[in-house]
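The next block holds one structure in the form of structure tokens; read it before the comments.
The values are calculated or read from the model by the stated rules, or taken from the named source; none is laboratory data. Computed from a predicted model, the values in this text were never measured in an experiment. For neighbour counting, all protein chains shown are included, and Cβ atoms are generated from backbone atoms with ideal geometry for every residue, glycine included. Accessible surface areas use protein heavy atoms only, side chains included; no ligands, DNA or RNA. Shrake-Rupley method; radii C 1.70, N 1.55, O 1.52, S 1.80 Å.
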Amino acid sequence: MEQKFIQLQQEWKPRLFQLDKFTLPDWQHQKPQHVLPETKKPTEGTVSKLQTANQHTCNDPRLLVIGLEIHFAEIENDLMTLSTMLKSPHSVEFRLQNEHLFQSLHDLGKLLCLFERYQQLWAFLTKMFHETSISVQSVELLEQFQPIDETFKDIIQSVSSDTHVWNFVNPKKTNERFHGRNFHQILIDGVSTMEAISSQMSDLLESLCQQFPRLWFLSDWERIQLLSFEPTPSTLQPFVRKCFKGIRWLEVDCVVPSNQTGVKICGATSESQMKVLGFFGSLQEHITFPSPLEPNPNALGWLSIFEKELTLTMVQLMKKCAIVRIQLEPPTEDVAFDNQVKDIVFQIAERRKVALPVLDLVSEYPLQCLLVVEEAVWCQSVLQAFQESSPVMLRNIKAYNSAKWKTLGRFIRDGVTGSDCESLVSKYRMMCLRALVQLTMKHSQQLSRLMEVHSLPESSFEWLSFMKYHINSEDCSLTDDPTCHVDVLGHRLQYDYEYFGPEDCVMGHTPSTDRAILGILLALTSYRCGFVRGPCMSGKKTTVVQLGKALGRMVVNLQCCPTMSPGVVQRMLLGALQTGAWLLLDSVDLLTQGLLSMLGQHLFDIQQSFAEFTKKKNQRLKEEPKDWNADTDCTNLHSDCHMVIAGKSISARPSYGCVVISSKGYSSEVPEILRCATRPIALTLPDYRIIAEVMLTSIGYSDAVSLSQRLVDLISLAQDSLCLPDSINDHQSCYLVLLQKIISASEMHFQQSERQKDISDEADPTPSEAVTVRVDGKERKESEKPSRFLSSHLAIIQGLMEETAIVKAILSVSLPVLYEQKKALQFSILLKETFPIACQFPLFQEYIEEDEKTQLKDALTEELQRKCFHADTEIISSSLRLYHAMKLSPAVILIGPSGSGKTTCRCALAEALNHLAALTENDNRMEGDTPQISTWNSVDTVVLFPNAMSHKELFGSFCEKRGWQDGAVVKVLRDSEPKICNKKQKSDQIHKWLVMDGNPVGWLDYLTTMCSPQDQFLCLSSGEILPSQPHLRLVMEVTDLRDASPSAVTRCSLVYFSGSDLWKAVWRSEMDALSSEHKLDQGTLNMWNRLAEDLFSNTLTALTSAILNEGESLESVVHGMREIMSFVRILRALLQHVGKEGDKAGATPQVDKKDTPLHRAGTDSKGLLNRNLFLVAYIWGFSGHLHPRHWPRFDSVAPSSAVYAADTELWFLMGESVFACYCFLNIDIKTWPRRTHCRQILSLPMYRKYALSFLKHHVGGEPAGVARRRTRLWKNATLCRTLLSFEKPHITLQPVLY
């Protein structure tokens, strides 16, 4: 370990900064709408000086420090390594050097972080002041910036003279000004000044949004960062991901430095000539541009070109996919309808290229284009059936869809057993198959509704309310005829080609969501804002987002909060208008009433402007009719609408839309002007059976209809029987999250069962080909019975396997939730009645791999022993449940009373994972080039106490002088962003735990979006959206959930800590500590263990029943922990007191004191003393916290138990309380105060309990107060004086009454 420390120490000395030339861009600014008043305009002499200064700046080349992210990653990894070393007992010899290096690296990280922000602000302001027009209008700001500019020049000169990184904290011959605390203060002052300057340039930043309107959706600091970087793919990568949500990586044709991340490399040209070839979406969905994007020194210009190229590419891919798909579509008459559906299924399964041509296009076109084309092909086939008035053709289409649905499910099950099922390519294919299954199910449901219509289907409301896609694959310009449009309710809506990626492409349909979709479309087509209301978890936000994706619209989601400023809402509205996006304001009723009124006025003005624009456009169309027949919706017209919003004249796109969502169900209170400007849309609770059926079918379940119905029935019965936790029983809206958790867990078990089945089939092959062979005549009749028997046999096996996976998922999800034994048993009965196969499984079982479980248990045991804790089974089991919950959910709530072991289990699990990760790293280092793949990751824990912090301190706020300032939670999210490290251990192997210790009093609602199973993010009041990283886990330690919202709780995994028998583990660990501290012999330990077994359980049971009978609650503290800890503290104090008195009396001179135990139970006097010490600690430890009204109950329990435990040699004062007994027997009377009245007063039983209580606090080092009432009894005053005569420090207060 010492060699590793020396190696780590030596690695930092030669590290160098990387420098690069700073270049000024050639921007073309829009004219700012707000200029300085005439009185502040500069004179001609000032303008001449500014022009000279700018010219000097252009001629004076500057350098920038690049590659700081490498140093950040190295510091993070090395701090984790040093922290692990400090905890190891093998680092004692070099602990001081370790601590010094740890502190130096910590200081270096702070300095580099400040320097990075300092450099970004300097680069931004330098570019902004580069233009004479801007600098002339901002003379005062430029004068404030000039000293900062000179300081930065000196810093760069100092760095370039000696580029060693370590000089920032340990300088050698460098400038003394730029290191340590002096440098830290210089950076802080410079950052504060530049932030104040930047906050006054908001108008200039808004003028830049005209070049690239999506800048409106970025915060001020994000825009500053964008404009401060040199526009390269590596620096533009984060901003491309923010502006285009579906894009993950850029594909370039150049070699980028090793310090850059997130860029796919293809080719070997120089960095100065790099071109962007395309991009990658999630799951490596690849899209290539028709022509590469050339480099551009103007970042905003490059982003505008990128947006146009992306739209053009999506249009071309949509056309090509439609042409190929139509050619592969089999004629409807080729699939003859037969009453025997199985024959059609087998026929289509054999003719894969005819029945499933879409599978051949999965790897060639994006899933988004493929789904739109499938919608268009389905609409075309249904319209053809309407034109021919052929019900048989409709039935054939329905049978075709049913066969296609089942065959796709078979492909999903086959894909699970593939050898490359864990690869990203396989995951992408599975995602495509699931999306196609959901789309096919939707088409089947729509066909069923159409076939039930008695009138003409094409004129029915059902057909008009469907979203019907039409693709024009001919060569025509977008301005004359859109390539793709959607017909719904008589409106023709153009498809907008916003790229989303392959995830969540298909919209779920229930009767409730279908009605809401029509309401939203009616509102947006009339340019009114939709106001969606409904109960929690009814799908309000999901419905709007999925509808936007179905129309190819960009949907910008803004999570509202009470601290949000009006400028943020105005900025988002301006961005939605100029980009034609949909603005979704979630939880809008949390805004202040003034801001809601302002929002209502803006929405009303927008509606009036679009109404006037539409009226003029329709009049112009009547006067100048077009050749082609089209609807007159303004959404089809490509001219923009000019309007004035918030004092700014803008050009708005007709595809704009705005939807607001209420967070308080149907009872939200909003101003009247907002009600008038919006259209109300109500959502009810969805049909959970339909949702469960769709989810199970998309996973690959063949019996999803039956399983979904039984699963919903089980949850409903459990709620009616009060088996579920109160957070679920009291809110029916929590069903959806519970269903999602169970179905997600069942996917893992279902895949494992499919793989095991595939292995068994390989060992014992079955001629399943006979199932798909179709014969005629007598041969067919003879083969029908064996085929049907084999098919039924396989169906039974498949059904049992699917039911087993569901049961395992229910048990794994219920494990941390059903913590009460009575509710757990009742739920088990319901489970076995609903799913009979559940009788074969234990009620609770952690579904962790056996090898993984064994390693983790050993590491937990070792860690608990290192911390001098008893490795109790309950603690280890709770830690395993916590580990299992963290693998399944990004947010975990640890709920339990104080002292139940929540913090202990979390800390033990974190240290155990760090230990396992360190072992794996050492093994990989020894193996060299063939390291093993590790499932263990190091853990970096950040603990916050939110109830001790304000909302601004947690989530950030606006500062009038410096602009936006991050809070603690925001700082953790920014620090958790992935970084690149040069070492073999990458920074993404470090998982970060954000621990929020405290009951959720308001702050949990702001973290709801971070608790979602998918797409975790945090929306700040500045409008910035911070994505949560996959390696970040949110852990909350609470005692109750009374103040938490159901929507937040149900998104998290719950791990309950009862701590019912935790006091036993604490007792054992404390006895080991006492034995080590005071050298107790085995006889004394055995005697105390026997006494504890006889006394503790009976006393705790009696006291608990007595307190509960009086209606009091014990939820605030865990059972027995308070009594055991008080007992241990008193016993330790008594042992220390007796040990000191024994040292004063003198020990045997011929025996070394270090080798002589303090207490020996071999002699009768010593054994009696140790027993009495135990009993004194027992009486006052178990009853000292009780209210006096509970003392009689303790009197009735303790004497009988103590007499039974002591067996002999104990006496009682008849008629006295137990508190009057068990004084310091066998202790020399000299230890008492040497006053006659002291010994007399303490010998009285009625005052002895006060003396012992006082001694307990004083000897234990705790403060105590002694008070007496005014009375004529001299014994009260004497008792107080006696207690204060124990030579203990005290203060006497004489109250004065007026």
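Can you give me the long-range amide H partners of Q18? Hydrogens built in the peptide plane at 1.01 Å from N, cutoff under 5 Å, separation of 5 or more residues or another chain.
When sequence neighbours closer than 5 places are left aside, the close amide H contacts are I66.
Once you place label points 7 Å from the Cα toward the Cβ at V392 and Q3, how far apart are they in nm?
Simple spin-label model gives 8.6 nm for this pair.
Taking region 152-253, which trypsin sites (Lys or Arg not before Pro) meet the DSSP loop condition and have no more than 16 other C-beta atoms within 10 Å?
Values: sites: K153, K172, K173, R177, R181, R214, R223, R241, K242, K245, R248; in loops: K172, K173, R177, K245.
Sites meeting the loop and neighbour criteria: K172, K173, R177.
So which chymotrypsin sites (Phe, Trp or Tyr not before Pro) in region 637-693 end up in coil per DSSP with only 12 or fewer other C-beta atoms within 10 Å? Don't skip to the answer; put the middle values down first.
On the way: sites: Y656, Y666, Y688; in loops: Y656, Y666.
Listed in order of number, the matching sites are Y666.
How big is D for region 681-729, in µm² s⁻¹ as a whole number, if Stokes-Einstein is applied with the Kirkwood radius of its Cα pairs at 4 °C and 1.567 mPa s?
Estimated via Stokes-Einstein, D reaches 108 µm²/s.
Ratio of alpha-carbon Rg to the 2.2 N^0.38 Å globular estimate for region 274-324, to two decimals, please. Can you show the working numbers first?
Values: Rg = 12.2 Å, N = 51, 2.2 N^0.38 = 9.8 Å.
Here the answer is 1.25, to two decimals.
Counting only Cα atoms, I'd like the Rg/Rh figure for region 488-549, Kirkwood definition for Rh. Could you put the intermediate results ahead of the total?
On the way: Rg = 12.2 Å, Rh = 12.8 Å.
Over the Cα atoms of region 488-549, Rg/Rh equals 0.95.
Residue separation times 0.36 nm, minus the C-alpha to C-alpha distance between H1187 and S1076: what's the value?
Gain on stretching H1187 to S1076: 36.5 nm.
Kindly list the residues of region 582-626 that lie in the label zone of I645, defined by a backbone N under 12 Å from the point 7 Å along the Cα-to-C-beta vector.
Counting only backbone N, you get 582-584, 599-610.
Within the set of other residues whose C-beta is less than 15 Å from the C-beta of M996, count the net charge using Lys and Arg as +1 and Asp and Glu as -1.
Result for the local shell: 0.
List the residues, sorted by chain then number, that are 5 or more residues from L63 or on another chain and whose placed amide H is less than 5 Å from its amide H.
Hits under the 5 Å cutoff: F22.
In nm, to one decimal, how far is the modelled label at S792 from the one at L328, with both set 7 Å along Cα→Cβ?
Going from the S792 label point to the L328 one covers 3.8 nm.
Can you pull out the GluC sites (Glu not before Pro) in region 821-900 whose DSSP state is coil and whose Cβ has at most 10 other Cβ atoms within 10 Å?
Answer by residue number: E849.
Which links in K398/K808; K242/K971; K87/K971 stretch past 30 Å when you go from one Cα to the other?
Over 30 Å Cα-Cα: K398/K808.
Using the per-residue mean of other Cβ atoms lying within 10 Å as a proxy for protection, in what order, highest first, do the peptides 1018-1031, 573-586 fall?
Highest mean packing first, the order is 573-586, 1018-1031.
Leaving out ligands and nucleic acids, and using a 1.4 Å probe, what accessible area per residue does region 1044-1105 come to in Å²?
So region 1044-1105 comes to 37 Å² accessible per residue, rounded to a whole number.
Check A652: other-chain or 5+ apart residues with amide H under 5 Å from its amide H, H built from backbone geometry?
For A652, the qualifying residues are C641, H642, M643.
Please compute the modelled spin-label separation between D360 and K622, points set 7 Å along Cα→Cβ, answer in nm with one decimal.
5.2
Beyond 32 Å between alpha-carbons counts as too far, so tell me which of K4/K1079; K616/K648; K21/K275; K308/K404; K857/K952; K442/K992 fall in that bin.
K4/K1079; K308/K404; K857/K952; K442/K992
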